[in-house]
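One structure below.
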Amino acid sequence: MKLKKWAIAVLAILLAGGIVYWLTRDDPEATARELADAEAAIELTEYPEQVFWGDTHLHTDNSVDAFGFGTRLGPAEALKFARGDKVTSTTGIEAQLSRPLDFLVIADHSDGLGATRRLYDAPRVAIQDPTLLRWHDMMHESPEQSQRAIAELITAASDGTLPAALRDPERSAETTRDIWTTHLATIDKYYEPGKFTPFAGFEYTLMPDGNNLHRVVMFRDGYDRTSQVLPYPGLSTTPEGLWDYMDGYEAKTGGNVLAIPHNSNLSNGLMFELTMSDGGPMSADYARKRAQREPVVEVTQIKGDSEAHPFLSPNDEFANFGNVGWELGNLPLTARKDNSMLGGEYVREALKRGLSLEQQLGANPYKFGMIGSTDSHTSLATGDEDNFFGKHTGNEPTEGRANEAQNLGTRDGRYGWHYLAGGYAAVWARANTRAAIFDAMMRREVYATTGPRMVVRFFGGFGWDEESLGGEWVRTAYETGVPMGGELDDRGEAPTFIVSALKDPDGAHLDRVQIVKGWTDASGNAQERVYDVVWSDMDERRRVAGKVPAVGDTVDRSNATYTNTIGAPELSAVWTDPDYREGERAFYYVRVLEIPTPRWPLFDAVKFGFELSEDALADAVAQERAYTSPIWLGPATSEAPAEPQTAARRVWRAPWRG
C-alpha cells in the first residue's frame with residue numbers, strides 16, 4: 001500500500017512538473033498534442049512587452065549544399081546551439097552563444113533535401129550518371145574537392161544542367177518524406193513553450209538563371225499539421241505556385257504559414273519587380289496575394305545588406321553598408337549586374353515601388369516588415385562579429401579566410417571579407433511561443449539588426465509631444481497609436497512618431513536614430529528622405545550644412561577593440577513630419593546606428609596574427625545598425641493588414657483587446 005501511494009505521489013509530481021510531457025516525445029503525434037496544451041497554458045502579456053531574438057534562416061547537414069560544403073551537424077545540434085548549449089563545430093571548434101536565442105527556423109533547401117548525403121553514402125558502383133559519380137568521388141577525395149563539387153552543383157542549378165536525379169522530386173519523394181518527418185519530430189522535441197521556440201520551415205529554392213528568388217517558408221504549427229505536406233520545390237516553379245501551396249496547406253490542415261523573401265541583393269533585379277513573374281502587368285490580385293503571403297522580408301544576412309544602395313539613395317551617407325562584392329552579379333556570378341537592376345533588389349526602393357503600385361492598383365505588394373537572419377550553412381546561428389563561424393564549414397575560423405576568395409559557384413569575384421557576420425530577427429510578441437511570434441510577424445511588429453541586440457520601439461500616431469515619453473508611455477502608445485508594421489489613416493494633419501532605442505547591453509553605444517521616409521509626390525513619383533531625429537551629444541554635434549557630424553571612431557585596429565567613450569547608451573525622441581502633405585501616401589521606418597566597431601575580419605586578424613589585405617582593412621570597421629518595420633500613412637481605403645484579428649492598423653485602441 002505504501003508503495004502504491006508512493007507511486008501515485010511520484011506520478012502527481014511528474015504531471016505537475018510537466019515531465020510526462022517530455023516522456024511522450026518519442027511519439028510525434030502525442031508530442032504535438034502535449035505541446036499544444038503546453039503552449040495554451042503560457043500566459044500572454046497584456047501587450048508585447050518583450051523583444052524576442054531569433055534566426056529565421058539556418059541550414060544544417062540536410063541542405064544539399066551545406067553537406068557538400070562539409071557540414072556534419074544536424075538539426076538537433078543546431079537547436080542545442082541556438083538555445084545556448086555548447087557544441088563542437090564540424091571542424092572541431094567548441095562553439096557557444098554568450099546569449100541564447102529565443103527562437104529558430106531551420107530552413108534547409110526544399111530542393112535536393114538530403115541529396116548530397118545520399119550521394120556521398122551511395123556505393124560507387126551504383127551511381128550511373130557520370131556527373132554524379134564525379135561529384136561522389138570529389139566529396140570523398142578532400143574537403144576542398146567536396147566544396148568544389150558543390151560549387152559545380154550550384155552553377156549547374158543556375159545553368160539548368162543538373163543531373164536528372166536531382167531535378168525530379170518524385171524520384172526522391174520517399175527519402176524526402178523520411179528526412180522531413182524526422183526533422184519535424186526533432187523540432188517539436190526541442191520546443192519549450194515560454195522558453196525556446198523552434199519553428200518548422202524550409203527554404204524555397206527558386207533561382208532562375210542563378211538569380212536568387214529564394215523564400216524561407218515558416219509554419220506556425222507542430223508535427224500533426226506540418227507532417228501532412230512536403231517542402232515545395234523551387235526548381236521550375238514560380239512564387240505564385242508557392243503561394244498556392246501555402247493556400248493548400250492552410251485549407252488542408254487548418255494551420256498557418258508565411259514566406260520571407262531571401263535577402264534580395266542577389267536577384268539581379270527580379271525580387272521586387274513592377275511586373276508579375278511572367279513579365280505581364282501586375283494585377284491587384286497578385287499584389288494582394290504577395291502582401292498576404294510575404295508579410296516580412298529578410299533585409300540583412302551573411303550575404304550582404306539590402307536596405308539601401310548609394311546609386312539609388314545618393315543623399316544617404318549611410319547607404320553603403322554591406323554592398324561591397326554583392327553588387328557584382330547574381331548568386332553564382334553567372335550573370336553580372338548593372339545599375340538598372342538595383343531598383344528591384346533593395347528594400348527601400350521596393351517600399352517606394354509599393355506606394356506607386358498601390359496608387360495604380362489599389363493594393364501594395366511590398367507592404368512588408370523587416371527582419372535579419374544569418375543564412376549560415378554551418379548549423380550555427382550566430383550573427384556576432386566576435387563569434388563568426390563562416391558562411392559554411394569550408395570557412396569556419398581559420399587564418400586568412402578573410403583574405404581568401406569565397407564564391408558560391410565556379411565563377412570568381414568575391415572574397416571572405418565581403419561576407420557579413422549575419423543578422424538577427426527581433427520580434428515584439430506577448431510570449432515566447434509559436435503562435436505569439438508567428439502572429440507578430442504577420443502583423444509586422446518586427447525589426448532587423450546586423451547582429452547587435454539593440455532594443456528599438458517605434459510608434460506612429462497624432463498629436464503626441466515630448467510629454468508623451470513619460471510614465472507608461474509604451475502602454476499609452478499602444479492605446480493611442482500603432483506600433484512598427486502598423487498603418488495610419490491620413491486625417492489631414494502631420495503624423496507624429498515616438499522612437500526609443502537602447503544599446504545592446506553587451507555592445508556599443510549608439511550614434512544616432514534616423515527616420516527614413518518614402519512618399520509619392522503630386523505627380524505620382526516616389527521620393528525619399530532620411531531625417532536625423534536624435535543623436536548623441538547633440539549640443540556639441542550641431543548640424544553643418546544640414547548634416548550631423550560623424551560621431552568619431554574609437555576602434556583600435558591593432559587589437560580589435562573599441563571604447564564607449566563616444567555615443568549614447570540610449571536615444572529617444574518624439575518627431576513630427578515637417579514635410580507632411582495632406583493626401584500623400586508615405587512610409588516611415590527607423591534606422592539606428594551604433595558607433596564604429598570592429599568587424600569579424602579584424603577580430604580574425606588579431607586572433608590569428610595575420611595582415612588583412614588593403615581592401616579588407618579599409619572595410620574592417622563598420623557602424624552596425626537596426627531597421628524597424630515601416631509605419632504606413634495613406635487614405636482610409638488602404639489594404640487591410642494580413643492578420644486582421646490582431647493587427648494594429650487604424651485601431652485606436654489596444655490591439656490585444658481585439
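General observations
- Debye, to nearest 20: dipole size of the chain, +1 on Lys, Arg Cβ, -1 on Asp, Glu Cβ: 1160 debye
- Subtracting the Cα-Cα distance of residue 522 and residue 399 from 0.36 nm times their residue separation leaves 38.7 nm of extension gain.
- Summing charges over all other residues whose Cβ lies under 13 Å from the Cβ of residue 36, with Lys and Arg as +1 and Asp and Glu as -1, gives -3.
- Mean shadow area of the range 463-529, taken as a quarter of the surface of its Cα convex hull (nm²): 6.7 nm²
- The HN-Hα couplings worked out from phi for the range 267-273 by the Karplus form 6.51 cos²θ - 1.76 cosθ + 1.60 (θ = phi - 60°) are 9, 6, x, 8, 5, 10, 6 Hz, whole numbers, x standing for Gly and Pro.
- Pairs spanning more than 28 Å between alpha-carbon atoms, out of 547/607; 337/367; 189/252; 367/391; 86/189: 547/607; 367/391.
- Label-point separation in nm, residue 553 to residue 472, each point 7 Å along Cα→Cβ: 4.7 nm
- Split the chain at each of the trypsin sites (Lys or Arg not before Pro) in a DSSP loop with at most 16 other beta carbon atoms within 10 Å, and the longest piece is 196-490.
- Where the alpha-carbon atoms of the range 400-466 are placed on the principal axes, they occupy 53, 34, 20 Å, in descending order.
- The simple Förster model, with R0 at 45 Å and r as the Cβ-Cβ distance, assigns residue 278 and residue 145 a FRET efficiency of 0.65.
- Segment residue 608-residue 339, extension gain: residue separation times 0.36 nm, minus the distance between their alpha carbons: 93.1 nm
- Amide proton proximity set for residue 297, modelled H, under 5 Å, gap of 5+: 369, 370, 371
- Nonlocal amide H pairs with residue 485, under 5 Å, H built at 1.01 Å: 631
- Selection of GluC sites (Glu not before Pro), the range 552-590, meeting DSSP coil and at most 15 other Cβ within 10 Å: 582
- Structural descriptor for the range 117-184: relative contact order 19 percent, calculated from alpha carbon pairs under 8 angstrom and at least 6 residues apart.
- Stokes-Einstein D for the range 593-640, Kirkwood Rh over Cα pairs, 37 °C, 0.692 mPa s (µm²/s): 235 µm²/s
- Accessible carbon and sulfur surface of the chain relative to its total accessible area, %, 1.4 Å: 50 percent
- Label-to-label distance, residue 360 versus residue 506, with points set 7 angstrom from Cα along the beta-carbon direction: 4.8 nm.
- Ranking 133, 50, 388 by Cα position along the charge dipole of the chain, where only Lys, Arg, Asp and Glu carry charges on their C-beta atoms, puts 50 farthest toward the positive end.
- Inter-site label distance for residue 53 and residue 26 at 7 Å from Cα along Cβ, in nm: 3.7 nm
- Placing a label point 7 Å from the Cα of residue 168 along the Cα-to-Cβ direction, the residues of the range 109-134 with a backbone N closer than 16 Å are 112, 127-132.
- Alpha-carbon radius of gyration plus Dmax, which is the widest Cα pair, for the range 359-412 in Å: 17.5, 54
- Averaging 1/r over every pair of different alpha carbons in the range 19-103 and inverting the result gives a Kirkwood radius of 15.5 Å.
- Simple rule: put +1 on each Lys or Arg Cβ and -1 on each Asp or Glu Cβ in the range 497-572, find the dipole, and look at 524, 565, 554; the Cα lying farthest toward the positive end is 524.
- Positive end of the dipole of the range 178-311 (Cβ unit charges, origin at the Cα centre): among 212, 239, 255, the Cα lying farthest that way belongs to 255.
- The slack between residue 244 and residue 539, meaning 0.36 nm per residue of separation minus the straight C-alpha distance, is 100.7 nm.
- Here the Debye sum runs over all C-alpha atoms of the range 108-177 as equal scatterers in vacuum, and log10 of I(q)/I(0) at q = 0.12, 0.16 Å⁻¹ comes out as -0.29, -0.53.
The values are calculated or read from the model by the stated rules, or taken from the named source; none is laboratory data. Computed from a predicted model, the values in this text were never measured in an experiment. Every residue, glycine among them, receives a Cβ derived from its backbone with ideal geometry; neighbour counts consider all protein chains shown. In case anyone asks, the SASA skips ligands and DNA or RNA and just uses the protein heavy atoms, side chains included. Shrake-Rupley method; radii C 1.70, N 1.55, O 1.52, S 1.80 Å.
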